[in-house]
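Working notes, beginning with the structure itself.
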Amino acid sequence: MSNNKSRAVALVSFLAFFAPIGTACAQPAYKASDIVAHFAPAKKVNLGASRAICIGTESECPKDVSAQPKVVSGFDLRINFDYNSANLTSAARTNLDEFARALQDPTLNGSQFVVEGHTDGTGSDAFNLDLSMRRARSVVSFLAARGIPSDRLEAKGFGKLKPLVLDIRSGENRRVEAHLRSE
């Protein structure tokens with residue numbers, strides 16, 4: 001009986017140690033409209049117009065202030081992966097279906113994206129770089145199968161170079177993000 005008890009304690013300790021690198025948690029799905037709103041092109045700023053600071057009373061300064069260019073950062077696709085895997089989970093497929101719908105929206109017509117793959121901090125640099133690239137490519141392949149032209153998507157792998165959270169073993173770091181491609 002004591003031997004079985006010590007095995008059970010060892011198993012619980014083993015599982016507790018590896019819990020942070022276990023199966024990724026499914027994140028809540030977002031809507032295609034959220035993605036479109038995030039990446040929608042900013043209103044054009046008339047670069048020929050003069051710009052100045054008005055130093056005067058409120059009545060002396062024009063009220064019409066042109067829109068500032070929209071700064072667009074990455075959008076976390078909330079595509080997480082299981083430990084040591086580039087296979088899309090069912091939650092990932094659901095979220096990617098929304099992303100594909102967003103990319104088919106006329107507002108984003110012609111927008112090009114960089115799809116960035118990331119890993120947690122366990123394993124060698126070379127292994128993680130390869131795994132992150134496979135993750136990015138699996139997302140690009142999925143989107144291409146949903147009708148998104150491949151020339152609008154560029155897959156890049158970053159390995160463990162850009163962790164999302166400080167805990168390098170956290171499943172949150174095993175992800176794919178998308179950014180508008182900057183020219």
- Message: Here's a check for you: in region 170-183, which residue that is within 13 Å of residue 122 (Cα to Cα) and small (Gly, Ala, Ser) is farthest from the chain's Cα centre (by Cα)?
- Response: 170
- Which listed residue, of 130, 167, 125, 151, is under 23 Å from residue 103 (Cβ atoms), over 17 Å from the mean Cα position of the chain (by Cα) and of a type in the set (D, E, K, R): 151
- Note on the structure: In region 102-127, residues that are outside any loop (DSSP other than H, G, I, E, B) and acidic (Asp, Glu) total 2
- Would you mind stating whether residue 138 is closer than 15 Å to residue 80 by Cβ, at pLDDT 95 or above and either among the polar types (S, T, N, Q) or touching a His at 6+ places or on another chain (Cβ under 7 Å) (or both)? yes
- Answer residue from region 74-96, given it is at pLDDT below 85 and not polar (S, T, N, Q) and is surrounded by the most Cβ atoms within 10 Å (Cβ to Cβ) among those: 79
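Would you point out which residue out of 151, 130 is acidic (Asp, Glu), part of a helix (DSSP H, G or I) and loosely packed, with under 15 Cβ neighbours inside 10 Å?
Result of the check over 151, 130: 151.
The values are calculated or read from the model by the stated rules, or taken from the named source; none is laboratory data. If you're wondering where the values come from, they're calculated on a predicted model, not measured in any experiment. Here the Cβ is made from the backbone with ideal geometry for all residues, glycine too, and neighbour counts use every protein chain on show.
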